[in-house]
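**Student:** Would you mind keeping the following structure in view while I ask a few things?
The values are calculated or read from the model by the stated rules, or taken from the named source; none is laboratory data. Note that this is a predicted model, so its numbers are computed, not measured. Positions of Cβ are backbone-derived with ideal geometry, glycine not excepted, and every protein chain shown enters the neighbour counts. The area values use the complete protein model at the heavy-atom level, side chains included, leaving out ligands, DNA and RNA. Shrake-Rupley method; radii C 1.70, N 1.55, O 1.52, S 1.80 Å.
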Amino acid sequence: MLRVEDITHSYKSGNEWTSVLHKINFAVKEGEMVALLGSSGSGKSTLLNLMAGLMKPTEGHIYIADKDIVKMGENKLAEFRRKNIGFIFQAYELITSLTVRENVELPLVFQSVSPRARKAKALALLEQVGIPDKADLFPSQLSGGQQQRVSIARSLITEPSVIFADEPTGNLDSKTEEEIISILLNLNRTMKTTFIVVTHEYKVAEQMQRIFTLKDGFLITESQREPQVQTEPQIEPQLELKTEVQGEEQIAEEAEPQTMVEVEEQLAAGAEQEAVEPQTAAADEDPPAEEPEHQTAAEADPAEGGKP
Amino acid sequence: MKIRDISRMAWEQVKRRKVVTGLCMTGISIGCAAIIVALSVGQSAQVYVTDQVNQNFKMDEIMVSPGGGIPSNGKGGSGGGGSVEVNENLDPGKLTDQKLKIIQGLNHVKAASPFQEAGYLQMVTVDNKIADVRIIIADLKMLTAYDHKFKQGGASGQVGSVVLNYGATLGLIDLETRQKLFDQMNAEPFNQELYQQYDKLGVVPAEMYRKQIQIQAQDYGSTAPVYKLSSPLQVDGILASPKGMDDLRASYEKIMYMSPETAVQLSKELSFDNSTTSVLTLPPEGTYNSLTVKVDDVANIKSVEQMIQKLTLNAQDNLFQQEMLKEQFDMIKMAALGIGVFILVIASISIIVAMTMSTHQRRRQIGIMKVLGANMGQIRNMFITEAALLGLLGGILGVAFSYLIMMGLNKLVGSAGEGMNFFIPTMNLPIGMSFAIMTGVLSGIYPAISASRTDALTAIKRD
Ligand SMILES: Nc1ncnc2c1ncn2[C@@H]1O[C@H](COP(=O)(O)OP(=O)(O)O)[C@@H](O)[C@H]1O
Ligand SMILES: [Mg+2]
């Protein structure tokens, strides 16, 4: 799903080049949730921004869904990002002039999705992150934890294949931190979205499936954890929620006529997903995830224009 | 990105950023109002003056008088609308009956008839009221062919029958009253009331239709005042006042039309033995001192004029009046537009500054939007829409301003007693609005492009 190959990055300050990342190599499988752990200044954000295509590495390649994003131009990258990548910021970064629901809808606004379709989707996601009653409030009326939930819902609305989170709990107290992390864990389990979470706290990192540790720009360890089982009972209710989202989304999708180009794009995207999936499913180490994943695959086709 | 979403987000920003919005709207609205007001004042003045000119000069008429013209070298040249038999034996420079016939036969000529000024004389009514009238000798039956309308009666072919214009029925006053008023005015030259009274008397209408009048002439040749009265003349027709002319203005021009036969009779009656000149200026028999030619279309005026000039006559039309006016008002309008555009350019600088400031403050927000999938085009469109919206709002405010200004102008001019009315032609509103929106969009382009170039990383950089 995501592969980082020989990434080296240097910042230029004045006439000097400061090397921040050195020959980083790693891969993340579809549906995985990994932590990028390291102390402040170790290069985590730099690596994350490179992977999200927000800047270009000095050297190396980054493949997402088998496409080298390093080679993409600004507009192609924007297009790719809006379809495949979600982003959760440390400081939430909500647009203060828009309501909570409008903030969640925003990525779909840039994709010209009809207001009805995106409203339904946004409301379902707000319910999923546990703040359905806050839809019409403004970000300033919410607590930090609630704002981060909005930001999470916003990152999910485009159904990205990977979500990058840079210190998502960095501004929160430890109780709220736990809530947010557990929301992320649940989303990863139910929606099979790949998560890459940057953190400097081992306490946070240890809850992820794998941990990559960065130190002074070097990738020093890659630890693997046993599949998590303790939250398994939660899967049932989450599944129901997911089905609900799909229902509304499909109605909305029907109401919105698609252009030929869009249909073709989505067909192409669907084909790619299919090509990737068998390999991912085989490599997947999380048995309980099997069922929801099949559902995701099944849902992807009718929603994205159907098979020819 | 849907237009609805773009405009809604632009609207949100316009609502939130009150200082930027206020700055931009003020600038644009002043510019927009300047354009609308300037154009409208120009047009109002043009309408007013054109009305005045059209009241006094008919555009489809040619005045022909003796003399001048281009002596033609036989036939040939541009034949134009009709063929004129150029006869070298025609009395050069004289306006003869023969030439009148030729002119009447020309193509495009609807009517050609003598209208001869015969001087000013005093008209006396049966109840002894008097008025100074201009005598014009003309074929009374032809009056209607020259756009005159009869208010009462019509033309009669009889000798001793006259037609008065509407002005000649106004302000008839008896000699004593007039003399008394003049004396009073002489005694108190600064008494405003007396002047008003005089003006009021000047427009008092008198029933003249089918009334008898006489013409009075004074012999200036003798020492003691000697008056002579003509035999009674009958008023058989009264012309209607031209459309849009008020009574006061109409009263300034009192005209009496009479046939040549009546004029000859009058001239005989009023001649003084010791005087060499007649009280009525009459041309020699068989010639005229002035003709008025009515042409079917203004477009043919010039070609008919050329024909007439070949008859060694002077021909003059009134088109130059219009052209002069048009040139003057085109200049005024251009100057007005220039002032408006200049103000808009100044306004656009304020927009560029305000918008650039605003994009700078919003760098972080723009970065977030880019991370969330907005591309450069979308960011640019959002900012340009915002600028256009500011232009639109400024334009609306400008339209409101311009109506206020015009209202003020009308109050000002109204109190000065002028008959001019300032109005805003509907066409000027879209012109003003489009200038306003254009200014918004044009000055929004630079800030929009610089906003769209904002680095997405700005959003997540923590410093
Ligand atoms: N834009 C930049 N220009 C120059 N140096 C930078 C820039 N961003 C980060 N750095 C430097 O790169 C190193 C890694 O930074 P960063 O990736 O933000 O680390 P982390 O997120 O792990 O705290 C730090 O030493 C930092 O000072
Ligand atoms: Mg960081």
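**Student:** Grab the helices (runs of 4 or more DSSP H) fully contained in region B:356-462, keeping just those with 3 or more residues being open to solvent by 40 Å² or more (accessible area, probe 1.4 Å).
**Tutor:** Because the criterion is at least 3 residues that are open to solvent by 40 Å² or more (accessible area, probe 1.4 Å), the helices (runs of 4 or more DSSP H) in region B:356-462 that meet it are B:376-415, B:428-452.
**Student:** Filtering region A:192-224 down to residues that are open to solvent by 70 Å² or more (accessible area, probe 1.4 Å) and within 13 Å of ligand 1 (Cβ to nearest atom), which residue is nearest to the other protein chains (Cβ to nearest Cβ)?
**Tutor:** A:His200
**Student:** Here is a further query. Inside region A:112-122, can you point out the residues that are of a type outside the set (D, E, K, R) and crowded, with 19+ Cβ neighbours inside 10 Å?
**Tutor:** The answer is A:Val113, A:Ala117, A:Ala120, A:Ala122.
**Student:** Output the number of the condition that B:Ser161 fails; it satisfies all remaining conditions of (1) over 27 Å from the mean Cα position of the chain (by Cα); (2) hydroxyl-bearing (Ser, Thr, Tyr); (3) open to solvent by 10 Å² or more (accessible area, probe 1.4 Å).
**Tutor:** Only one criterion in (1) over 27 Å from the mean Cα position of the chain (by Cα); (2) hydroxyl-bearing (Ser, Thr, Tyr); (3) open to solvent by 10 Å² or more (accessible area, probe 1.4 Å) is unmet by B:Ser161, namely (3).
**Student:** Enumerate the strands (runs of 3 or more DSSP E) found wholly within region A:1-55, keeping only those where 3 or more residues are surrounded by fewer than 22 Cβ atoms within 10 Å (Cβ to Cβ) and either assigned by TED's automatic domain parsing to the domain that holds A:Thr169 or away from ligand 2 (no atom under 13 Å from the Cβ) (or both).
**Tutor:** A:2-13, A:16-28
**Student:** If you check A:Leu185 against the conditions, is it open to solvent by less than 20 Å² (accessible area, probe 1.4 Å), over 24 Å from A:Val113 (Cβ atoms), at pLDDT 90 or above and in a helix (DSSP H, G or I)?
**Tutor:** It is true that A:Leu185 is open to solvent by less than 20 Å² (accessible area, probe 1.4 Å), over 24 Å from A:Val113 (Cβ atoms), at pLDDT 90 or above and in a helix (DSSP H, G or I).
**Student:** Here is a further query. Quick test for you: out of B:Phe190, B:Phe182, B:Phe150, pick the one residue that is farther than 26 Å from B:Glu269 by Cβ, surrounded by fewer than 15 Cβ atoms within 10 Å (Cβ to Cβ) and under 34 Å from the mean Cα position of the chain (by Cα).
**Tutor:** Within the list B:Phe190, B:Phe182, B:Phe150, the selection yields B:Phe190.
**Student:** Whether any residue in region B:94-103 is farther than 24 Å from B:Ile255 by Cα, at pLDDT 85 or above and touching a helix residue (DSSP H, G or I) at 6+ places or on another chain (Cβ under 8 Å) is what I want to check.
**Tutor:** yes
**Student:** Let me ask another. I need every pair where a residue in region A:165-178 that is away from chain B (no Cβ under 14 Å) has its Cβ under 8 Å from the Cβ of a residue that is more than 16 Å from ligand 1 (Cβ to nearest atom) and in a loop (DSSP other than H, G, I, E, B), sequence separation at least 6 or different chains.
**Tutor:** What qualifies is A:Thr176/A:Ser143.
**Student:** Scan region B:36-46 and tell me whether some residue there is closer than 30 Å to A:Leu108 by Cα and modelled with pLDDT of 85 or more.
**Tutor:** no
**Student:** Hey, another quick one. Going through A:Pro132, A:Pro107 one at a time, which residue ends up being farther than 22 Å from A:Glu201 by Cα and open to solvent by less than 40 Å² (accessible area, probe 1.4 Å)?
**Tutor:** A:Pro107
**Student:** Report yes if A:Thr58 is of a type in the set (Ser, Thr, Tyr) and either crowded, with 21+ Cβ neighbours inside 10 Å or at the interface with another protein chain (Cβ under 10 Å from one of its Cβ atoms) (or both), otherwise no.
**Tutor:** No, not satisfied.
**Student:** Quick check on region A:68-76. Is at least one of its residues in contact (Cβ under 8 Å) with a residue 24 or more places away in the chain, among the basic types (Lys, Arg), out of contact with any Lys or Arg (no Cβ under 9 Å at 6 or more places or on another chain) and farther than 26 Å from A:Asp173 by Cα?
**Tutor:** Looking through region A:68-76, none of the residues is in contact (Cβ under 8 Å) with a residue 24 or more places away in the chain, among the basic types (Lys, Arg), out of contact with any Lys or Arg (no Cβ under 9 Å at 6 or more places or on another chain) and farther than 26 Å from A:Asp173 by Cα.
**Student:** Further question: For region B:4-45, how many residues meet the condition of being touching a residue at least 40 places away in the same chain (Cβ under 8 Å), within 14 Å of chain A (Cβ to nearest Cβ), open to solvent by 40 Å² or more (accessible area, probe 1.4 Å) and part of a helix (DSSP H, G or I)?
**Tutor:** 2
**Student:** A further question follows. Given (1) away from ligand 1 (no atom under 16 Å from the Cβ); (2) closer than 14 Å to A:Tyr92 by Cα, where does A:Lys175 come up short, assuming only one miss?
**Tutor:** Unmet for A:Lys175, out of (1) away from ligand 1 (no atom under 16 Å from the Cβ); (2) closer than 14 Å to A:Tyr92 by Cα: (2).
**Student:** State whether one or more residues within region A:88-95 are open to solvent by less than 20 Å² (accessible area, probe 1.4 Å) and either out of contact with any helix residue (DSSP H, G or I) (no Cβ under 8 Å at 6 or more places or on another chain) or of a type in the set (Phe, Trp, Tyr) (or both).
**Tutor:** Yes, the conditions are met somewhere in region A:88-95.
**Student:** Step by step: first the residues of region A:66-95, then only those that are touching a strand residue (DSSP E or B) at 6+ places or on another chain (Cβ under 8 Å) and β-branched (Val, Ile, Thr), then the one that is farthest from the other protein chains (Cβ to nearest Cβ). Which residue is that?
**Tutor:** Here the answer is A:Val70.
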